[in-house]
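Have a look at the structure below before the remarks.
The values are calculated or read from the model by the stated rules, or taken from the named source; none is laboratory data. Fair warning: this is a prediction, and the values are worked out from it, not measured in the lab. Positions of Cβ are backbone-derived with ideal geometry, glycine not excepted, and every protein chain shown enters the neighbour counts. Ligands, DNA and RNA are stripped out before the accessible areas are found, and what is left, the full protein with its side chains, is counted by its heavy atoms. Shrake-Rupley method; radii C 1.70, N 1.55, O 1.52, S 1.80 Å.
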Amino acid sequence: MSLEPIKVSRVDPKTMLFMYNETVYAQPDGEYQVPGNCILVLAPEVDENERARWASEVSRMAFNFGHPGTGEWEIVQDYRKADLYRTDNGDKYELGAEVNEVSYDGIGPLPAWLTRDARPSRFHYWDAGVWVLDEQEELDALIDDKVVELSTACQARIYAGFESSALGQEHHYPALDKDQQNLTASVLDSTVPGLPEGWTTPFWCEIDGEWAFRMHTAEQIQAVGRAGKEVILACLAQNSILAAEARDAPNKTALADIVWLDPHFD
């Protein structure tokens, strides 16, 4: 009559932590040849982030190591496969990394300086076991972002160019930094005393989708300069007003309601 196989629990020889169960079959002589580092008492089932560990005073080199009555299974916490985060700055923790001269290998109780909860945002700080939102710090940062957002929108509107009817019909003029410099130079040139009769200057503009260098008299290029200045100053004034409103916003909802609106141009 053949003997039934038995199950044993293999452990890590260094940590005594349960690894897996395996089956041992009886030898022809009826004996069971149990592999080393195996426990003849099956490890108990555990919950997530737990691990069974064999606790015994019997050396694993002893003939009766792992036999019933020579030790017992204890349940320890096992966070080796879990995501862990530092409570001082929210950074993800790598097992074994040293923090303030201490480290954690993932086995045993979670140190107070680590948590399983990811930091919700850079505005949260760890307090009494939970992440707490610093609402004022968050609002201050959002205000800074809003001011930058408004400034970017203001610049984009200026760079979009402006309209002028200096040539008799409304033309569109560019207003990138280089365009503004060129316009300033052209306006200054038109004010030089002693201009020859019939003086004109070419300037890049568009009408009905057709861009070209079109000739402008002194009066016309100065009118274009005034139109461009009006748009730029109106945008800057609008940005200043909206930025002030943003800095005075009492909460995130009020701040979110502040959006760039193009100023009215006469």
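What pairs come up if the first residue lies in the range 169-188 and is on the phi < 0 side of the Ramachandran plot, the second is open to solvent by 90 Å² or more (accessible area, probe 1.4 Å), and their beta carbons are under 7 Å apart, counting only those six or more places apart or on different chains?
Close Cβ pairs (under 7 Å, with a partner that is open to solvent by 90 Å² or more (accessible area, probe 1.4 Å)) amount to Pro174/Trp204.
Among what's in the range 23-58 and is of a type in the set (Ser, Thr, Tyr) and in a loop (DSSP other than H, G, I, E, B), pick the residue that is farthest from Asp12 (Cα to Cα).
Tyr25
In the range 42-63, what residues are open to solvent by less than 50 Å² (accessible area, probe 1.4 Å) and within 20 Å of Tyr20 (Cα to Cα)?
Within the range 42-63, Ala43, Asn49, Ala52, Trp54, Ala55, Ser56 meet the criteria.
Determine which member of the set Gly168, Gly161, Gly96 is under 30 Å from Arg214 (Cβ atoms) and open to solvent by 40 Å² or more (accessible area, probe 1.4 Å).
Working: Gly161 fails: open to solvent by 40 Å² or more (accessible area, probe 1.4 Å); Gly96 fails: under 30 Å from Arg214 (Cβ atoms).
Exactly one residue qualifies, and that residue is Gly168.
When both residues are 6+ apart or on different chains and their Cβ atoms are under 9 Å apart, which pairs have a first residue that lies in the range 62-82 and is over 30 Å from Thr115 (Cβ atoms), and a second that is basic (Lys, Arg)?
The qualifying pairs are Gly66/Arg60.
Just to be sure before I move on: is Pro250 open to solvent by 60 Å² or more (accessible area, probe 1.4 Å), at pLDDT 95 or above and in a loop (DSSP other than H, G, I, E, B) in the structure I sent? Walk me through it before giving the result.
Values: open to solvent by 60 Å² or more (accessible area, probe 1.4 Å): yes; at pLDDT 95 or above: yes; in a loop (DSSP other than H, G, I, E, B): yes.
Yes, satisfied.
It is to be established whether one or more residues within the range 140-148 are in a strand (DSSP E or B) and either of a type outside the set (Phe, Trp, Tyr) or in contact (Cβ under 8 Å) with a residue 24 or more places away in the chain (or both).
Going residue by residue through the range 140-148, those that are in a strand (DSSP E or B) are none.
The answer is no, given that none of the residues of the range 140-148 is in a strand (DSSP E or B) and either of a type outside the set (Phe, Trp, Tyr) or in contact (Cβ under 8 Å) with a residue 24 or more places away in the chain (or both).
Let me confirm something: among Leu114, Leu167, which residue is farther than 30 Å from Ser240 by Cα and in contact with a helix residue (DSSP H, G or I) (Cβ under 9 Å, 6 or more places away or on another chain)?
Working: Leu114 fails: in contact with a helix residue (DSSP H, G or I) (Cβ under 9 Å, 6 or more places away or on another chain).
Step by step, each of Leu114, Leu167 is checked, and only Leu167 is farther than 30 Å from Ser240 by Cα and in contact with a helix residue (DSSP H, G or I) (Cβ under 9 Å, 6 or more places away or on another chain).
Identify the residue in the range 59-90 that is among the polar types (S, T, N, Q) and part of a loop (DSSP other than H, G, I, E, B) and, among all such residues, is nearest to Asp105 (Cα to Cα). I'd like the intermediate steps shown before the answer.
Here is the first cut: in the range 59-90, the ones among the polar types (S, T, N, Q) are 59, 64, 70, 77, 87, 89.
Pick out the ones that are also part of a loop (DSSP other than H, G, I, E, B) and you get 59, 64, 70, 87, 89.
Details: Ser59: 24, Asn64: 30, Thr70: 27, Thr87: 17, Asn89: 19 Å.
That would be Thr87.
How many residues are open to solvent by 40 Å² or more (accessible area, probe 1.4 Å), closer than 15 Å to Asn89 by Cβ and of a type outside the set (A, V, I, L, M) when one looks only at the range 108-118?
The total comes to 2.
Test of understanding: among Glu230, Glu245, which residue is among the charged types (D, E, K, R) and under 24 Å from Asn182 (Cβ atoms)?
Going through Glu230, Glu245 in turn, just one is among the charged types (D, E, K, R) and under 24 Å from Asn182 (Cβ atoms): Glu230.
Acidic (Asp, Glu) and touching a Ser or Thr at 6+ places or on another chain (Cβ under 8 Å): which single residue out of Glu138, Glu163 fits that description?
The match here is Glu138.
Only one of (1) touching a Gly at 6+ places or on another chain (Cβ under 9 Å); (2) open to solvent by 70 Å² or more (accessible area, probe 1.4 Å); (3) at pLDDT 95 or above fails for Arg122. Which number is that?
(3)
Assuming Asp105 fulfils every condition listed in (1) under 15 Å from Asn89 (Cα atoms); (2) open to solvent by 80 Å² or more (accessible area, probe 1.4 Å) apart from one, which condition is it?
(1)
Please work out if Leu188 is open to solvent by 50 Å² or more (accessible area, probe 1.4 Å), touching a helix residue (DSSP H, G or I) at 6+ places or on another chain (Cβ under 6 Å), within 29 Å of Thr217 (Cβ to Cβ) and not charged (D, E, K, R).
For Leu188, the condition - open to solvent by 50 Å² or more (accessible area, probe 1.4 Å), touching a helix residue (DSSP H, G or I) at 6+ places or on another chain (Cβ under 6 Å), within 29 Å of Thr217 (Cβ to Cβ) and not charged (D, E, K, R) - is not met.
Just checking, how many residues over the range 202-225 are in a helix (DSSP H, G or I), open to solvent by 40 Å² or more (accessible area, probe 1.4 Å) and under 15 Å from Glu170 (Cβ atoms)?
The qualifying residues number 1.
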